[in-house]
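Bear in mind that the values in this text are calculations on the coordinates, not laboratory data. Computed from a predicted model, the values in this text were never measured in an experiment. Cβ sites come from the backbone with ideal geometry, for glycine too, and all protein chains shown count toward neighbours.
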Amino acid sequence: MTEPAFRWGLLGAARIARALIPAIREAGGEVAFVGVRDPHSARAQAFAQEWGVQVAGTYDDLITSDVHAVYNPLPNDAHLPWTLAALRAGKHVLTEKP
């Protein structure tokens, strides 16, 4: 029996996330969700459709979703609060360098 894929969520639809998605998939992971400021925005919907992921809702919704790890490519001033929030929720976190 195969183990389920390691499930990732993305905080935001940043351009840098586009480089990480193929790497996660190549390593056998699954990019399941993206959390965004405005889940109903055309940008969020286009990103989700382009990459075959679901919009989880807001950043908070993503952190409480059924993912194992969170990728944080948000602007530098959002690194600490959202990384800590994800860690408190028991998620593994990869935060983009400042």
Cα-based Rg (one decimal) and Dmax (whole number) for the chain, in Å? 12.4, 43
At what distance in nm do the modelled label points of ARG43 and LEU87 sit from each other, each positioned 7 Å from its Cα along Cα→Cβ? 2.8 nm
Cβ under 12 Å from GLN54's Cβ, GLN54 left aside: what net charge do those residues give with Lys, Arg +1 and Asp, Glu -1? -2
